[in-house]
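Asker: Let me give you the structure first, and then I'll get to my questions.
The values are calculated or read from the model by the stated rules, or taken from the named source; none is laboratory data. As the structure is a computational prediction, the values presented were derived from the model and not from experiment. Cβ: placed from backbone, ideal geometry, glycine included. Neighbour counts: every protein chain shown.
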Amino acid sequence: MCGRYTTAGQPAEFDARFDASAAELGSSLGRYNVAPRQQVGVVERAEDGKLSGLTARWGLLPRWAKTSKDRLQPINARNDKLLESKMWRPLLNSPKHRVLIPADGWYEWIKAESKSEKPAPFHHTVDGGGWFAFAGLMNTTKVDDLDEPITTVTIVTTTANGPASRVHDRMPAVLGTREEELAWLNPELGAEDAIELIQPLADERVSLAPASKKVNAVKNHGAELLDPTVEID
């Protein structure tokens, strides 16, 4: 799964990496503790074929949601459920709902042996650090308690590769190459072909390191979260 991630990479590197403007994503970038229900950065394929950035709330509201506080707002979508789910398949099959979610790392936790201790967080990076993209699904829907339609997003997950499996049996689906990112956004790609892009990364591409337990609190969001020696206040 993926319940927290980082977007602390350089904006100039973002622009070059995604052919989109970091400025379009505003304060959703430059963060060390991105959490559910927050506005997060998304890259989509516009009608003219170019990539553009926008923000969406993390935790997808299904098309049948009545209010923005609907009980069902999953932050993750399992790859092995996408084709069979009435919630996920229509989104997977429609290129306007398939998006990239830029990140430069994600957190996962190992349960402590003692019940009195908090789980230990680990920060995962790809290719030694830098920007990459999660496969995401996005939906815009009109709900009764908001004046304007709301755009929400979920991160697709897959089976963990070797390094990631030492912490958890699932990991976010990282699109492994630029070609795969563009294919995920390709309007000519159907659901069955899109699902083939969701694979665990090669073991050698993922690294992980202990992080500070301060990441457990959403209010904490500085670079010190990557330092495991920083204690909880």
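Asker: In the range 208-218, what count of residues is obtained for those that are in a loop (DSSP other than H, G, I, E, B) and more than 19 Å from the chain's Cα centre (by Cα)?
Answerer: Qualifying residue count, the range 208-218: 1.
Asker: Select, from Val153, Val167, the only residue that is within 19 Å of the chain's Cα centre (by Cα), in a loop (DSSP other than H, G, I, E, B) and surrounded by 12 or more Cβ atoms within 10 Å (Cβ to Cβ).
Answerer: Val167
Asker: Sticking with this one: Tell me which residues, restricted to the range 7-38, are modelled with pLDDT under 95, within 17 Å of Val126 (Cα to Cα), touching a Pro at 6+ places or on another chain (Cβ under 9 Å) and part of a loop (DSSP other than H, G, I, E, B).
Answerer: Gly9
Asker: One residue is enough: does the range 195-207 have a residue meeting the conditions out of contact with any Asp or Glu (no Cβ under 7 Å at 6 or more places or on another chain), assigned to a strand (DSSP E or B), of a type outside the set (D, E, K, R) and crowded, with 17+ Cβ neighbours inside 10 Å?
Answerer: yes
Asker: OK, next. Do you know which residues across the range 51-71 are over 19 Å from Ser27 (Cα atoms), in contact with a strand residue (DSSP E or B) (Cβ under 6 Å, 6 or more places away or on another chain) and of a type in the set (Lys, Arg)?
Answerer: Arg63
Asker: Which residues, counting only those in the range 18-40, are buried (at least 20 other Cβ atoms within 10 Å of the Cβ) and over 23 Å from Ala211 (Cα atoms)?
Answerer: Passing the criteria: Phe18, Ala20, Ala22, Leu25.
Asker: Considering the range 149-179 alone, what residues qualify as being of a type in the set (Val, Ile, Thr) and closer than 16 Å to Tyr107 by Cβ?
Answerer: Ile155, Thr157, Val167, Val174, listed by residue number.
Asker: Next question, about the same structure. Can you find a residue that is within 26 Å of Pro210 (Cα to Cα) and without any contact (Cβ under 8 Å) to a residue 12 or more places away in the chain anywhere in the range 104-111?
Answerer: yes
Conditions (1) farther than 30 Å from Pro119 by Cα; (2) touching a Leu at 6+ places or on another chain (Cβ under 8 Å), marked per residue:
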position: Asp145; (1), (2): yes, no
position: Ile155; (1), (2): no, no
position: Pro163; (1), (2): no, yes
position: Val167; (1), (2): no, yes
position: Glu179; (1), (2): yes, no
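Asker: Looking at Leu100, Leu146, which one is farther than 26 Å from Gly49 by Cβ, touching a residue at least 40 places away in the same chain (Cβ under 8 Å) and either of a type outside the set (Gly, Ala, Ser) or part of a strand (DSSP E or B) (or both)?
Answerer: The match here is Leu146.
Asker: Something else: Yes or no: Ala77 of a type outside the set (Ser, Thr, Tyr), in contact with a Phe, Trp or Tyr (Cβ under 8 Å, 6 or more places away or on another chain), in contact (Cβ under 8 Å) with a residue 12 or more places away in the chain and part of a loop (DSSP other than H, G, I, E, B)?
Answerer: It is false that Ala77 is of a type outside the set (Ser, Thr, Tyr), in contact with a Phe, Trp or Tyr (Cβ under 8 Å, 6 or more places away or on another chain), in contact (Cβ under 8 Å) with a residue 12 or more places away in the chain and part of a loop (DSSP other than H, G, I, E, B).
Asker: So, one more: Any residue at all in the range 162-177 that's free of Cβ contacts under 8 Å to residues at least 24 places away in the same chain, of a type outside the set (Gly, Ala, Ser) and more than 23 Å from Met87 (Cβ to Cβ)?
Answerer: Yes; the residues of the range 162-177 include at least one that is free of Cβ contacts under 8 Å to residues at least 24 places away in the same chain, of a type outside the set (Gly, Ala, Ser) and more than 23 Å from Met87 (Cβ to Cβ).
Asker: In the range 103-117, what residues are more than 19 Å from Leu225 (Cα to Cα) and either at pLDDT 95 or above or surrounded by 16 or more Cβ atoms within 10 Å (Cβ to Cβ) (or both)?
Answerer: None - no residue of the range 103-117 is more than 19 Å from Leu225 (Cα to Cα) and either at pLDDT 95 or above or surrounded by 16 or more Cβ atoms within 10 Å (Cβ to Cβ) (or both), so the list stays empty.
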